[in-house]
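Below is one structure, written out as structure tokens; the observations come after it.
We did not get these values from a lab; they are worked out from the coordinates using the rules stated. None of the values given here were measured: they were computed from a predicted structure. Cβ coordinates were reconstructed from backbone atoms using ideal geometry, including for glycine residues, and neighbour counts include every protein chain displayed.
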Amino acid sequence: MNDRVLDIGPGVAPWLEATDAVDIEDQRADWAETSGNEGARLARSIQFVVGNAEDLPYPDSTFTFVNANQVFGRYAGLRAGLSEAVRVLKPKGTLRIRVLGEDRKEAISLLRHLGMRVGRPERQGYDEDISKDDFDILARKS
């Protein structure tokens, strides 16, 4: 399989298609505990690395898809995190991020500056206070 999918900051469960995950703490035990058999399977099948979203421990052009849900702007710097996510994407790779509404315009501007083609952001309407103003942004590397 040549397609590698990175989930940055997976928290209690990684992106379902993830082949790799990076977080500041090892979350594999939590995945199994909170997600039962599916979490235990994910914990065994995903290459997990303890690391920082602002300094990803991967070579350039490693992944075809990178997901970062509620990471940039909350826990990692927007500029440094997005730069790293784009760096590890292969040409024509796709980045999916979820950012706070207040970070949406800056994130789009930074992605365009980094050579990404940005789709229309989609507002999320979650009930949790932390998520009610989030936007999902899909961008593709040239």
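Please report how far the C-alpha centroid of segment 27-79 lies from that of segment 6-20, rounded to the nearest whole angstrom. Between the Cα centre of segment 27-79 and that of segment 6-20, the gap is 4 Å. Its Cα centre serving as origin, the chain has a Cβ charge dipole (Lys and Arg +1, Asp and Glu -1) of approximately 880 debye.
About the Cα centre of segment 2-85, how large is the charge dipole given +1 on each Lys and Arg Cβ and -1 on each Asp and Glu Cβ? Please answer in debye to the nearest 20. Rounded to the nearest 20 debye, it is 100 debye. Helical content alone sets the calculated 222 nm signal of the chain at -8500 deg cm²/dmol, taking -39,500 (n - 2.57) per DSSP H segment of four or more residues and averaging over every residue.
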